[in-house]
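A quick write-up on the structure given underneath.
The values are calculated or read from the model by the stated rules, or taken from the named source; none is laboratory data. Note that this is a predicted model, so its numbers are computed, not measured. Using ideal geometry, Cβ is built from the backbone for each residue, glycine included, and neighbour counts are taken over all protein chains shown.
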Amino acid sequence: MKYIFWLCAAITIIVITFMGAYIIVGGLPFFSHTNIVSFLLGKKWNPSGEIFGIYPMLITSIYATVGATSIGVVVGMSTAIVLVEILPLKAAKVFSAAIDLLAGIPSVIYGFWGLMVIVPIIDKFWGGKGAGSSLLAAIIILSIMILPTIIRMSEVSLKAVPKEYKEGALGLGASKFQYIFKVQIGAAKSGIMAGIVLGIGRALGETMAVILVSGNAPIIPKSLVDPVRTLTANIALEMGYASGVARQALFATGMVLFALIMLINFLLTQFIKNAERRNGNARKA
């Protein structure tokens, strides 16, 4: 079994390495046409004129990810706390099953639902005809899509906190909510952060649902109801017919997206390690 586990790990590493190498080989030649600064900070995307600036899509991806993660973390953490500490066991099982079902819904269904429900609501209340397909719609859909990941990871982490922590806190006179917010969440911090990392990766890499609700306009959003286009949507929309320099530009976009996800994962992983180290030192003290 040890060798089987090593083989599985090796296959995973090989696949990731191959994917990264393939994107880099396809994207590097593009930078002989456009330098990386102009590519990252350029505000116009016009493949027919060989003008390639991904700044509007890059900013949109960051805005959408930050907005969706902010909503997802608040709602997801609150839901996990309710499931673990407040609801009766039978009711918690029912809600957990519903959350698992939510995790299995294809992204195109989320996008279709957003197009039929969220977009018309935004169009009606914020901006008039045609304003529904927007950054706000993308944020709402992405926040819903990352909820199962954050809820499940937070729930497991909260349940893993030793019972002695709760008994000690309550024995010292803490209320139930003081124990939850001052003891339990702190003890489960590393697992919760791992769920947030996975949620960010899901939000940043989502394509189909965002294409359906965002409007797909490669412009810098000035408000939440502006139509936008993300990096992933840009690749998906144009890769089918792109050729030459335009195709290389899309591969270079993939390189930027790949690097951005790796950077976010690295920073949050370091944060988790530092948190675990501080918790370990505190327990020793």
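Return a yes/no flag: does the range 170-188 have any residue that is touching a strand residue (DSSP E or B) at 6+ places or on another chain (Cβ under 9 Å), of a type in the set (S, T, N, Q) and modelled with pLDDT of 85 or more.
no
With the condition kept exactly as written, say whether any residue in the range 49-71 is farther than 30 Å from PHE181 by Cβ, charged (D, E, K, R) and touching a residue at least 40 places away in the same chain (Cβ under 8 Å).
There is at least one residue in the range 49-71 that is farther than 30 Å from PHE181 by Cβ, charged (D, E, K, R) and touching a residue at least 40 places away in the same chain (Cβ under 8 Å).
Every residue in the range 67-81 that is more than 17 Å from ALA92 (Cβ to Cβ) and surrounded by 20 or more Cβ atoms within 10 Å (Cβ to Cβ), please.
Those that are more than 17 Å from ALA92 (Cβ to Cβ) and surrounded by 20 or more Cβ atoms within 10 Å (Cβ to Cβ): ALA68, THR69, GLY72, VAL73.
Return the pair list, or none, for Cβ contacts closer than 9 Å from residues in the range 1-18 that are surrounded by fewer than 10 Cβ atoms within 10 Å (Cβ to Cβ) to residues that are part of a loop (DSSP other than H, G, I, E, B) and modelled with pLDDT of 90 or more, at least 6 apart or on different chains.
Nothing qualifies.
Tally time: how many residues in the range 240-257 are among the aromatic types (Phe, Trp, Tyr) and touching a helix residue (DSSP H, G or I) at 6+ places or on another chain (Cβ under 6 Å)?
1
May I ask you to list pairs of residues, at least six apart or on different chains, whose Cβ atoms are under 8 Å apart, with the first in the range 240-262 being within 13 Å of SER48 (Cβ to Cβ) and the second being hydrophobic (A, V, I, L, M, F, W, C) and part of a helix (DSSP H, G or I)?
ALA242/ALA249; ALA242/LEU250; VAL245/PHE30; ALA249/PHE30; ALA249/PHE39
If I go through the range 83-107 residue by residue, how many of them are under 17 Å from LYS176 (Cβ atoms) and under 23 Å from the mean Cα position of the chain (by Cα)?
Total meeting the criteria: 1.
Could you tell me which numbered condition GLY114 fails, if it satisfies all but one of (1) farther than 27 Å from MET193 by Cα; (2) touching a helix residue (DSSP H, G or I) at 6+ places or on another chain (Cβ under 6 Å); (3) surrounded by fewer than 20 Cβ atoms within 10 Å (Cβ to Cβ)?
All conditions are met except number (3).
Considering only the range 19-36, state which residues are closer than 26 Å to GLY49 by Cα and either among the hydrophobic types (A, V, I, L, M, F, W, C) or touching a residue at least 12 places away in the same chain (Cβ under 8 Å) (or both).
ILE23, ILE24, VAL25, GLY26, GLY27, LEU28, PRO29, PHE30, PHE31, HIS33, THR34, ILE36
From SER133, SER143, grab the single residue that is under 20 Å from SER223 (Cβ atoms) and either of a type in the set (Phe, Trp, Tyr) or touching a Pro at 6+ places or on another chain (Cβ under 9 Å) (or both).
After applying the criteria, what remains is SER133.
Taking the range 1-56, which residues are modelled with pLDDT under 90, hydroxyl-bearing (Ser, Thr, Tyr) and in contact with a helix residue (DSSP H, G or I) (Cβ under 8 Å, 6 or more places away or on another chain)?
THR34
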